[in-house]
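> The structure under discussion is supplied below as structure tokens; questions concerning it will follow.
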Amino acid sequence: MSTEERIAKAESEDVEMTNGDALENVEEEDIEDQEEESLKTKIKLLPQATSEDGTCASFQIAQEDHTLGNALRYIIMKNPEVEFCGYSIPHPSEELLNLRIQTYGNITAVDALQKGLDDLIDLCDAVKDKFVQRLQS
């Protein structure tokens, strides 16, 4: 459903909100839908480089570079359950990031990646909140 169709639907249901509010709600829904779809294809587990018990795994993340790679590696290595985390960019002309995670065995590499992504999001949110707070004061 397009943005215009969702706004028209909200207006036809006599929802009391301004167009700006309706547009904001529609944009948030669109962003969530797009994020879910892109995550399904963005991160790929490389089965040939993954151990049977799941403690070691390699991932390929599309359309990313050193910006995410270095930050994610740093955050994942802060996890005491992670033995090794490294990343590489196979070729500068390709927008691919290869990530390797090895854990001590208490958690899987997929869990370590998920925790790393969640922790990085939390860190970015905290920095954004502090930045906005300082701008407003």
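> Would you point out the residue of segment 79-88, among those that are assigned to a strand (DSSP E or B), out of contact with any Gly (no Cβ under 7 Å at 6 or more places or on another chain) and not acidic (Asp, Glu), that is surrounded by the fewest Cβ atoms within 10 Å (Cβ to Cβ)?
Ser88
> Now for a different question. If Ile76 satisfies every condition in (1) of a type in the set (A, V, I, L, M, F, W, C); (2) in contact with a Gly (Cβ under 9 Å, 6 or more places away or on another chain); (3) within 19 Å of Pro47 (Cα to Cα) but one, which is the exception?
(3)
> Another question, if that's okay. Here are the criteria: (1) assigned to a loop (DSSP other than H, G, I, E, B); (2) loosely packed, with under 11 Cβ neighbours inside 10 Å. Tell me which single one Phe131 does not satisfy.
(1)
> Within segment 99-115, does at least one residue satisfy the condition of being modelled with pLDDT of 95 or more, assigned to a strand (DSSP E or B) and under 15 Å from the mean Cα position of the chain (by Cα)?
Yes, there is a match, as at least one residue in segment 99-115 is modelled with pLDDT of 95 or more, assigned to a strand (DSSP E or B) and under 15 Å from the mean Cα position of the chain (by Cα).
> Given (1) part of a helix (DSSP H, G or I); (2) surrounded by fewer than 16 Cβ atoms within 10 Å (Cβ to Cβ), identify the lone condition not met by Arg73.
It fails just one condition, (2).
> Further question on the same structure: Considering only segment 50-70, state which residues are more than 23 Å from Gly105 (Cα to Cα) and hydrophobic (A, V, I, L, M, F, W, C).
Selection gives Ile61, Ala62, Leu68.
> Of the residues that make up segment 26-42, is at least one surrounded by 13 or more Cβ atoms within 10 Å (Cβ to Cβ), modelled with pLDDT of 90 or more, out of contact with any Cys (no Cβ under 7 Å at 6 or more places or on another chain) and not polar (S, T, N, Q)?
yes
> Then there's this: Kindly list the number of the only condition in (1) farther than 19 Å from Lys44 by Cα; (2) assigned to a loop (DSSP other than H, G, I, E, B); (3) touching a residue at least 24 places away in the same chain (Cβ under 8 Å) that fails for Glu64.
Condition not satisfied by Glu64: (1).
> Mind checking which residues of segment 43-61 are of a type in the set (S, T, N, Q) and in a helix (DSSP H, G or I)?
Within segment 43-61, just Gln48 meets the criteria.
> For segment 62-81, what are the residues that are touching a helix residue (DSSP H, G or I) at 6+ places or on another chain (Cβ under 6 Å) and β-branched (Val, Ile, Thr)?
Ile75, Ile76
The values are calculated or read from the model by the stated rules, or taken from the named source; none is laboratory data. Note that the structure is a prediction, hence the values are computed from the model and not measured. Neighbour counts are summed over all protein chains in view; Cβ atoms, including those assigned to glycine, are modelled from backbone coordinates with ideal geometry.
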